[in-house]
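The values are calculated or read from the model by the stated rules, or taken from the named source; none is laboratory data. Computed from a predicted model, the values in this text were never measured in an experiment. In this analysis, Cβ positions are derived from the backbone assuming ideal geometry, glycine residues included, and neighbour counts consider all displayed protein chains. We work out accessible area using only protein heavy atoms, side chains counted, and drop any ligands, DNA or RNA first. Shrake-Rupley method; radii C 1.70, N 1.55, O 1.52, S 1.80 Å.
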Amino acid sequence: MAIIRIENGQLICQAGDALKELYVIGEGNVRAVFPGGGLMMRKGDIIGIQDIKSGVHSCTYLAATDAALVPYPYSGLEQLLTLFQAKPNVMHLFFTSSARFSCSLLKYCAQAGHGEPGEYVLGSRSPDNVFDKAIYQKTRADVALAADMADAAAENGMGDNGIPYDRVIPPAKVDPVARKKQNPVPEEAPAVSSPKEEARAAAAEKAAAAAMEAVQIPVELEDALSVILAFSECDEALAQRFTEEVEAYKAMPDKDGTDDADRRFRLALTGDFYKLYTKVFELSINETNLPVAVKLFLNFGFVDAELAGISNSVYLLSILDAYGGEPERGVYTFPEWLLAVYHGEKEPSRNEFDMDYPAYLRDQKKSGKINDAQEKQLLTSNIDKVRFELENVFPVVNKMTFGRISTFCPLLSEHNLMKPLHTSLVSPAALHKALDDIRKLDFSAFYRETTYTNEECGIVREYLQIEVLPDFILMPNAGVRGAMWQEIEGKRRLTPSRMMLSGIALESVPQLLTRMVGEFRWEMCKRVQGARWNDVSEPSLTSQYTDYIQFYKKNRELSPDAKEKLRLSLQRAKNSVKEMFVRDYVLWISYEGNGSPRLNKVARPILFAYCPFSAPIRQNLIQHPLYMEMINRYKLLLSQKLHHLDMLCNKLQKNYGSVPEEITNQIEFLKS
C-alpha cells in the first residue's frame, strides 16, 4: 500500500463524506471530531473503522501532527472479509482498533457525566454508527464498568467465538433485566446519580455558564446584518428577503442538505448575497471609515456573529485592523483587488468562457446588446470594469475555491470552519514562504522567454528568461481549493498570472500552491505553443506529456503494473491529461525533489526536462541512479548555453567595455 503523508492541521475527511477508504495511522496523531467533543487517535488506529456499517463518516478527522496513513479501499463488508482471509494480522489490527475507539468513546461519555440509568439489551438493535453506540451507553446503569470491559475486549481483539467485542459482553453485566433473570434475589433500584456525578455535573454547568459570560457577541457586531443592509442602501424588498434567508439558513438543522429544496434555497440566498455585495462594495469605494460589520462582510462573507460562531467573530474582530494583503508584493484581499481594478492598476480578469473585458464587450456588441458608443464608453469606465469582475468572475471563483460545489453558500458559517481561524487565515507571509519553497525546487517555474535586442551593443537577438511572479487574490470564503485562474493578462506574456484561493484556507497552503503552480506550468506552455500545444513533432511539456498519456498502453518502457496504475489514475482524473500532469507535478515537488521516487521511468524525464530542479537539488541527486543520466544530460546542454553567453560577454567587454544587465541576469538564471 502506498503511504500518504499528511501535514499537521490538514483535513483528512469530514463527517458526512462517503466511506471509500479506511486509513491505518502509521505515524503521528489524528484528531476525530464529533458534535460536542473529540478523541485523539494514534499509531495503529484506523480512521473510519467504526462506520463500516453505515458507509458514511460520522467524524471529521484532522491531523494533530505530521502523520503517515496507509489507505485500504473500502466498498463493503465483503471486501473486508476477503482482506481478512488473505491477511489475518490485518484482521486483528482492524478489530483491536475498533475496540480501542469504542473504549475511548465510552470513557469520554463517562468523564462527561453521561452515566444515566436505564436498560441496554445488546443484540436487540445494532447501532448504526459510533454516535448510536454512545447514545446507548448513556442509558446504561454503569458506564465506567462498560469501559473497563471494553478495555479487556480491546486487548483480546474479539471473543472466542469470533464475534466482535461489543457483542460478547455477558448480558447479565450490561442489561439489568437479564441480570434479574440470572439472579432472583431482588436488587435495590439504582440511584439516579451519585454525589460524585452530581458534583461533576454542577462543575460542568458552572464552566458552561462562565464560558457563556466570557464569550458574548461584541457590541460592534450586534445586529451586524442590519448594519450591512443599511450601509448598502438596497431596496426594502431585497433587505427583507435577505434577512429572512439568513435567519432561515441559521435555523437549518442540516446546512449542507442535498435535496432539491435545500439546493434551491441556497441558490436564492447566494444570488441575493452577490447583489448585496456589489452594492456594498460600490458604496465603500469612496468611504474612508467603514463600519466593522461591513469590513468583515467584504473580506470574509460575514453577516451574523451567531452564524459565524461567537468565538470566531471575536477573533476576526481582533485581527481586522491588521488584516490585509500586500499589493506591492502581489497579494490582494478581494476588496483590495477590486480597488486595484477600479483605480486602473489592474485589468479585469477573464470570465468563465476565457473572455477578457474587451472581448466580452465585442461579444455584447455583436449580439446587439450594446452599440459602438456604449462599447467605447464601457472600455474606459472603471466602475463598469469592477462590475464585470463582480458579476462574471466573483461568483464562479468563489464557488471554485470553496471546493464543495453542491453545498456552496457564500455566508461565513461556523459549520464550515473545520480548522481554528488562527491557523487557517491566509497571510501574505505564508503565501510567499510557500512560493519561495517551490521556487527553491522548481527555480524556472515563473520565468518567461523573451527576445532581447540591443543595437548599441550590437546584439541582434538573444533569447532571455525573465521572472514574473503571480498575483494572489484571497477570496472572501472558507474553502479547500485554489484556482489558477489565468496565466497572463490579456495577450501580453510578461504579465503576472492570477491565482485565487480562500482567505480562510482549510487545506495546507503549500499543497494548494503546488497544485496551482502545476496548473500554471501547463497553461503557460499551452499559451506559448498555441495551436500546436499537443503536436509531438514540436517538443514541449504539453505535447510530450500528452503523447505519453495517450499512448501509454503501447509504451514498452512501462511494466504491466505501471500501466494498470496509470489506467486507474486516469479514471480518477476523469481522463484529463492536465489533471494527470498536475498530480505528477505535486509528486515531483513534494517527493522527487527530496530524492524519494514516485514517478515512473517515462514521466520522470519529461518533468526533469521542462521543470528542472535547482542546482543545489541536482547536486544532492546526482549520485542517485534514477537521476544521474538526466542530470548529466542537463549539465551538457547547460554548458553549451553558458559557453555561448561567455563568448558574447567577452566580445561585449572587449568592444564596448561593459555587459548589459539582462545578459548577466540570464547567466545567473542558467546557473540556478
Scan the range 422-446 residue by residue and report those that are open to solvent by 20 Å² or more (accessible area, probe 1.4 Å) and of a type in the set (Gly, Ala, Ser).
427, 429, 430
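Each row is one residue, and each column tells you yes or no for (1) at pLDDT below 80; (2) open to solvent by 20 Å² or more (accessible area, probe 1.4 Å); (3) part of a strand (DSSP E or B); (4) out of contact with any strand residue (DSSP E or B) (no Cβ under 6 Å at 6 or more places or on another chain).
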site: 12; (1), (2), (3), (4): no, yes, yes, no
site: 23; (1), (2), (3), (4): no, yes, yes, no
site: 38; (1), (2), (3), (4): yes, no, yes, no
site: 43; (1), (2), (3), (4): no, yes, no, no
site: 54; (1), (2), (3), (4): no, yes, no, yes
site: 61; (1), (2), (3), (4): no, no, yes, no
site: 75; (1), (2), (3), (4): no, yes, no, yes
site: 82; (1), (2), (3), (4): yes, yes, no, yes
Being over 23 Å from residue 95 (Cβ atoms), basic (Lys, Arg) and under 19 Å from the mean Cα position of the chain (by Cα): is that true of residue 5 here?
yes
The range 486-505, residues that are touching a helix residue (DSSP H, G or I) at 6+ places or on another chain (Cβ under 6 Å) and either in contact (Cβ under 8 Å) with a residue 40 or more places away in the chain or part of a loop (DSSP other than H, G, I, E, B) (or both)
487, 497, 500, 501, 502, 504, 505
Name, by its number, the condition in (1) under 24 Å from residue 442 (Cβ atoms); (2) out of contact with any helix residue (DSSP H, G or I) (no Cβ under 6 Å at 6 or more places or on another chain) that does not hold for residue 574.
(1)
Matching residues, the range 343-381, being within 33 Å of the chain's Cα centre (by Cα) and over 16 Å from residue 489 (Cβ atoms)
352, 353
Would you confirm whether or not the range 599-608 contains a residue that is without any contact (Cβ under 8 Å) to a residue 60 or more places away in the chain, more than 24 Å from residue 547 (Cα to Cα) and open to solvent by 20 Å² or more (accessible area, probe 1.4 Å)?
no
Out of (1) open to solvent by 60 Å² or more (accessible area, probe 1.4 Å); (2) aliphatic (A, V, I, L, M); (3) modelled with pLDDT of 95 or more, what's the single condition that is false for residue 528?
(3)
If we scan the range 284-300, do we find a residue that is in contact with a Phe, Trp or Tyr (Cβ under 9 Å, 6 or more places away or on another chain), β-branched (Val, Ile, Thr) and surrounded by fewer than 15 Cβ atoms within 10 Å (Cβ to Cβ)?
yes
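How many residues are assigned to a strand (DSSP E or B), closer than 22 Å to residue 664 by Cα and not hydroxyl-bearing (Ser, Thr, Tyr) when one looks only at the range 457-485?
Result for the range 457-485: 8.
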Evaluate the range 317-339: report whether one residue or more is open to solvent by less than 40 Å² (accessible area, probe 1.4 Å) and among the charged types (D, E, K, R).
no
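Mind checking which residues of the range 462-521 are of a type in the set (Phe, Trp, Tyr) and either on the phi > 0 side of the Ramachandran plot or open to solvent by 10 Å² or more (accessible area, probe 1.4 Å) (or both)? Before you say what the answer is, go through the steps one by one.
Step one: of the range 462-521, the residues of a type in the set (Phe, Trp, Tyr) are 463, 472, 485, 520.
Once the filter is applied, which keeps residues that are of a type in the set (Phe, Trp, Tyr) and either on the phi > 0 side of the Ramachandran plot or open to solvent by 10 Å² or more (accessible area, probe 1.4 Å) (or both), the range 462-521 yields 463, 485.
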Could you list all residues from the range 650-661 that are crowded, with 16+ Cβ neighbours inside 10 Å and of a type outside the set (Val, Ile, Thr)?
652, 660
Looking at (1) open to solvent by less than 40 Å² (accessible area, probe 1.4 Å); (2) over 24 Å from the mean Cα position of the chain (by Cα); (3) at pLDDT below 90, find the lone condition where residue 259 falls short.
(1)
Going by the conditions given, is residue 614 of a type in the set (S, T, N, Q) and surrounded by 12 or more Cβ atoms within 10 Å (Cβ to Cβ)?
yes
Please state which of the following conditions residue 539 fails to meet, knowing it meets all the rest: (1) within 25 Å of the chain's Cα centre (by Cα); (2) outside any helix (DSSP H, G or I); (3) of a type outside the set (A, V, I, L, M).
(1)
Out of all the residues in the range 88-100, which are open to solvent by less than 40 Å² (accessible area, probe 1.4 Å), among the hydrophobic types (A, V, I, L, M, F, W, C) and modelled with pLDDT of 75 or more?
94, 99
Can you find a residue that is more than 30 Å from residue 464 (Cα to Cα), polar (S, T, N, Q) and surrounded by fewer than 20 Cβ atoms within 10 Å (Cβ to Cβ) anywhere in the range 447-454?
no
Looking for whichever is farther than 25 Å from residue 407 by Cα and out of contact with any helix residue (DSSP H, G or I) (no Cβ under 9 Å at 6 or more places or on another chain) here; the options are 261, 237. Which one fits?
237
